Amino acid sequence: MTSAYRNFKTKLLENGVVIVGFDNQDKPVNILGKEILKEFWLIMLDAFNNKDVKAVVLTSLKNNPPSFIAGADINEIKNITNEKECRILVEQAHKMFRTMEESEKPIVAAIEGVCLGGGLELALACHWRVASDHPQTMLALPEVMLGIIPGFGGTQRLPKLIGLPPAIEIIATGKNIYPYKAIKSGLVDDLVGHAPVDNRKIDTIEKEVFVSVAIQRALELASDKKTRRKLDLKTKIAAWPILRKYTFSKARKMIMAQTGGFYPAPIMAVEAIEGGFRKSVYRGSMENESPKISKLAVSNLSKNLINIFFGTEDLKRTKTTAKPSGQLQTVGILGAGLMGAQIAGNLSEKGFGVLIKDLKPEFITNGIKRIAENESKNFAKRTITKPEYEQRLLRIYPTLNWSDFKNTDLVIEAIKEVLEWKQRLLSEFENVAKPDAIFATNTSSYTVSEIAENAKNKERCIAMHFFNPLRSMKLVEIGVADFTSPETVAAVISLAKKMGKLPLVVKDCPGFLVNRILSRYLIESILMIAEGIPIQDIDQAAKKFGMAIDSGRTMGPLELIDYVGIGTCVHVIESLKKLGPRIQGHPLIVDMAPKGKDPLRFWLNGKENQAVYQVLAEKHNWTRKKLPENEIIDRLILPMADEALRCLAERIVDSPDKIDLAMLYGAGFPAFRGGLLKWAKVQGAEQINNRLKELSNKFGSRFEPFES
Amino acid sequence: MRTVIVDGFRTAFCKEGTLLKDVPADFLGALAVREMLKRMDNWNLPPTAIEYVIGSSVTEPAHAKNIAHVVSVKGGVPDWVPGHTLNHNCGSGITAVDEARNLIEKGVYSCVLVVGVESMSRIPLLYSDVVKEDFYSLQRARTMKEKIAITLRLYSKLFRFWKKEYAPQVGLIMGLTDPICDLIMGLTAEKLAKDPSLGITREDQDRFALRSNKLAAKAQEIGIFKQEIAPLIIPTGKDCFYVDSDNGLRKFSKAEIFARSKPFFDKRYGTVTPANSSQITDGAACILLMSQSKAHTLGLPILGCVGEYNVAGFDPSRMGLSPVGAINKLLKKSGRSISNFSTIEINEAFAAQVLACLKVMSSDVLTKKFFSPYGFDKALVEIDSNRLNPNGGAIALGHPVGVSGMRLIITALKELERRGGESALVSACIGGGQGNAMILERST
């Protein structure tokens, strides 16, 4: 066998097994593209025609981090504009995979590291899969997240391998399967403990445990000692016609509940599975899979999602002008409330030491109790070991004394939203801290300049605005004031990255980006109630638009206010008033949160809270009104677009894409619409301006569009 | 080269079955070690400064053997720092400090961490041998028939758990029973209390217990214990709580209430009651020792110096008297007399035992009677009550066996500081018939 391939290296062993090592020359991870598939195909043909070759072992030479195949080249998918072109491409792959599957010479995939999308489909076309239990090993078919479905026969092969219900789950949700789950479900046939290597080369790879097991299996398959695994009874029963029908209808229902019908890909995937279930893999792929993927791949929705994917990747790799000074090991948290505890929990999960300070021990115990409950759940689910569980708790050092902060490099302030308290905290911190220690505030309503007004060393002050609940909200706004030093920005960005969050650098302004834009939406919803439009109608309209759908269920503005707490909303609105008359409160908000009493909620146990209507009737002369749904949507969404343009003009962020991502991850603007400004662009700037002017004439000058 | 104690603290002592009952000993110890590391951090001393760890734990849990290394690594000391655990019953704490001193003075290490951990709430119940045998044979059983037969047999035994041969054995009581004389510690105290030559009455014991409680309550009130206790926030899976003070004190107790308490060990004729004995307690403590030169170079605060140490053997069935022997030997060795010490801490295992020690110390006749086989026949000077356990003792605060010795040392050093004294004496009786004693000095 020759080995004059660019992205593959091969080695023929004495026992007749050829090792094919994939090593993508252009990328840090292995990615399947058109050219690479061609090359791969040549190698395969070579192997099939070579008489010395008894079996093939397919593996990857990427070691740091290990990756088997991280999927198809998304750039290529993005550039597909023609349905036919896509179909030809996919059908070529189908033919190739069929030849692989039907070949007499067994092909074994030796998997270490990520094995995603097209990579997993390639592994599925092999006769045997050996996986190593490296912590990075993970298998998934994440195509639906990009608005497409698996296109290399995944929808056909997977159900036949592991049975219907798990296959539907994997394909329709795109979730990650970790090695121990994979061996249990039969997705891989062998699981081998991993042994770290420094240098992975084609000459020595056969000595690595998972590859040597793969070679062993390949020889056994070649000599008919082993046959492919058979389905067990349970999966066979699940494929009975009645049960099958039930499974599909249940899957559809669940998908509809989760996507609200806004995302066609998961449903299409289920249809492809159903259509091809009784057919051979090849027929199923040709008749059911390829028409569907071709249709999806050229759709706008998929392009939107791919754009967002790339934008997110960019955000993950946010570059900094300066280098953070030194390695950050311990982070101080001031305030052990809801946010403080969540931030501390996240930091200790990522291996940081955490100093958490509050005024009274009770406050800290409450916060730590929350973290401990969370971690003990993780331990009960066996996602972490006992020592790791204990370490996570031990990394958080609670204290009441400032003197413990002497050696801390960075603190995050998460106390109550009272400006004087925050300022006093900062000055107390400055008294004990090192001169270059960073002070990051998690404020939602004040600016860094306000908080740092009296600071001795302003360069160290920055905002790090997290969102609640921290676990699922990936965004963190990094508010940079004029006086913040580049080193500070760099350190905070690197911290955010290490916390697994998406850092978004914004200019210091009231409400930063997300709260500023979102507040227009929330205020408008409250004004609408006061006008006479029922709670139900407002939230329903927003839900129809798809707000917050990506969190798993749609959520209207009033529901969101209930979630955030009206008290917080009052704060944010108060502080945003300085932006201009377009942001105005309403007495109703104050009535909703009477002093000394629990604030009212708009929704109570899934029903409209009648108490709100009572308040309205008593204090605001309220009469029920009806407004057409599209008008409600316009009133909710268009001010956001308007505010986004203002932010762009004020250079709060440097690109419209960032606003789109921020609204997507921070405010629940639906991803399938491509992002706030992208959506606005599709609607047409002229159109929106006119509509805003109309609204302004009808409902008040707050709708007056922004003139640049 | 002298050895100095740089810093030492203990956790609050919590009565068995109260706050700390769900906290495993290794986690509690790790919290204590972490606290020490944080204090070191505040002096700009990295965890790597610690070169060796000595643990003191008597009821070491089954899941964390050599608990010294377990807690040190869990608490944040690098894993290349070695450590061993020592068990010298109730004297462990003092012995551990002495051992650390030996390592430092021989020049092996220059900085040693001593950590004591005891979780007496979590001492397990043990299956009796008869039941255990069945469990093992169930594991070995091959056929289904065998398995069913053994399961049924086992079931019938477990069901009759009240029968003596099937009843689980209490690990705590087993641990407190001396296998040499087959007496539980309380009965060795009874033996002293009933000795006519000592003449200790129930009233004497109760009065002493009351004194201990009153002194401790006063010390707690005026914040003396705040100086030695490190407040901890302790998370368990279900809860998280703040522990900053000892909870075993009978603060508002009166003599009448003590008199009402029933004898526990000799239920009919005894005088040793739970109220005049030490309590079963959970707790931990940490002491950081260093060579004097190193502490001076680093400019660290110094709590005190470790002086001479001695341990003496004695009759196991009267183990409560053993401090007399240990103190006698120590004074002879160091050439000092009782009056040299500003404060004296004798661990209060039982009121009867401390009273017996005091009586023997002050009487030639009694010393001769009990200690002539051991080579002493002259009485020591009487200890005046102002200097003995000035802040109460184990009767009020509790007696987590492996930690008590360390508490005595920390309390004595802090008391020296308050009194402006020069040297202190600590001593403890050790189950099995030994006593140890140590001199501590304020460094100058």
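The values are calculated or read from the model by the stated rules, or taken from the named source; none is laboratory data. In this text, all values refer to a predicted model and were calculated from it rather than measured experimentally. Here Cβ is always computed from backbone atoms with ideal geometry, including for glycine, and neighbour counts include all displayed protein chains. Only protein heavy atoms, including side chains, enter the accessible area calculation; ligands, DNA and RNA are left aside. Shrake-Rupley method; radii C 1.70, N 1.55, O 1.52, S 1.80 Å.
A few comments on the model shown:
- Residue within segment A:355-363 that is in a strand (DSSP E or B), touching a residue at least 24 places away in the same chain (Cβ under 8 Å), within 14 Å of chain B (Cβ to nearest Cβ) and under 29 Å from A:L661 (Cβ atoms) present: no
- Residues within segment B:358-391 that are farther than 22 Å from B:A219 by Cβ and not charged (D, E, K, R), tallied: 17
- Single match in A:F512, A:F483, A:F439 (criterion: more than 26 Å from A:D657 (Cβ to Cβ), of a type in the set (A, V, I, L, M, F, W, C) and part of a loop (DSSP other than H, G, I, E, B)): A:F483
- Filtered residues of segment B:232-275 (kept if within 14 Å of chain A (Cβ to nearest Cβ), assigned to a loop (DSSP other than H, G, I, E, B) and out of contact with any Leu (no Cβ under 8 Å at 6 or more places or on another chain)): B:T236, B:G237, B:K238, B:D239, B:S245
- Looking at segment B:78-179, the helices (runs of 4 or more DSSP H) lying wholly inside it that each contain 1 or more residues that are closer than 30 Å to B:V311 by Cα sit at B:92-105, B:171-176.
- Qualifying residue in segment A:536-549 (condition: among the acidic types (D, E), at pLDDT 90 or above and open to solvent by 10 Å² or more (accessible area, probe 1.4 Å)): yes
- Flag if A:T330 is away from chain B (no Cβ under 14 Å) and at pLDDT below 95: no
- Selection count where residues are polar (S, T, N, Q), facing chain B (nearest Cβ under 9 Å) and either crowded, with 19+ Cβ neighbours inside 10 Å or more than 24 Å from A:F429 (Cβ to Cβ) (or both), scope segment A:364-389: 2
- Residue identified as assigned to a helix (DSSP H, G or I), in contact with a helix residue (DSSP H, G or I) (Cβ under 7 Å, 6 or more places away or on another chain) and not aromatic (F, W, Y) among A:E39, A:E35, A:E85, A:E76: A:E76
- Failed condition for B:H63, given (1) crowded, with 17+ Cβ neighbours inside 10 Å; (2) within 14 Å of another protein chain (Cβ to nearest Cβ): (1)
- Odd one out for A:K350 among (1) buried (at least 19 other Cβ atoms within 10 Å of the Cβ); (2) more than 13 Å from chain B (Cβ to nearest Cβ); (3) basic (K, R): (1)
- Within segment B:121-148, residues that are surrounded by fewer than 15 Cβ atoms within 10 Å (Cβ to Cβ) reach partners that are among the basic types (K, R) with beta carbons closer than 7 Å, at six or more positions or on different chains, in the pairs B:V130/B:K157.
- Applying the criterion of being over 13 Å from A:D358 (Cα atoms) and of a type in the set (A, V, I, L, M) to the residues of segment A:412-438, the residue that is farthest from the chain's Cα centre (by Cα) is A:V432.
- Taking the conditions (1) within 8 Å of chain B (Cβ to nearest Cβ); (2) over 26 Å from A:V489 (Cα atoms) in turn, A:R392 satisfies each one other than (1).
- A:Y665 meets the conditions (1) among the hydroxyl-bearing types (S, T, Y); (2) within 30 Å of A:A297 (Cβ to Cβ); (3) open to solvent by less than 30 Å² (accessible area, probe 1.4 Å) in every case but one. The failed one is (3).
- The single condition among (1) closer than 30 Å to A:R87 by Cα; (2) surrounded by 14 or more Cβ atoms within 10 Å (Cβ to Cβ) that A:S249 does not satisfy is (2).
- Filtered residue count, segment A:639-691, keeping only those that are charged (D, E, K, R), assigned to a helix (DSSP H, G or I) and more than 20 Å from the chain's Cα centre (by Cα): 6
- Condition met for B:E382 (of a type in the set (D, E) and open to solvent by less than 10 Å² (accessible area, probe 1.4 Å)): no
- Set A:T227, A:T204, A:T235: member being hydroxyl-bearing (S, T, Y) and touching a Pro at 6+ places or on another chain (Cβ under 9 Å): A:T235
- Matching residues in segment A:407-422 - criterion: being within 14 Å of chain B (Cβ to nearest Cβ) and of a type in the set (G, A, S): none
- Members of segment A:456-480 found to be under 21 Å from A:L328 (Cβ atoms) and in a loop (DSSP other than H, G, I, E, B), listed by number: A:N457, A:L470, A:K474
- Residue list for segment A:583-617, restricted to those being open to solvent by less than 40 Å² (accessible area, probe 1.4 Å), farther than 21 Å from A:S445 by Cβ and among the aliphatic types (A, V, I, L, M): A:A611, A:V612, A:V615, A:L616
So that you can scan it fast, the table gives a plain yes or no per residue for (1) touching a residue at least 40 places away in the same chain (Cβ under 8 Å); (2) touching a Leu at 6+ places or on another chain (Cβ under 7 Å); (3) open to solvent by less than 40 Å² (accessible area, probe 1.4 Å):
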site: B:I50; (1), (2), (3): yes, yes, yes
site: B:G75; (1), (2), (3): yes, yes, yes
site: B:W80; (1), (2), (3): no, no, no
site: B:S92; (1), (2), (3): yes, yes, yes
site: B:A96; (1), (2), (3): yes, yes, yes
site: B:R101; (1), (2), (3): yes, yes, yes
site: B:E105; (1), (2), (3): yes, no, no
site: B:L113; (1), (2), (3): yes, yes, yes
site: B:E118; (1), (2), (3): yes, no, yes
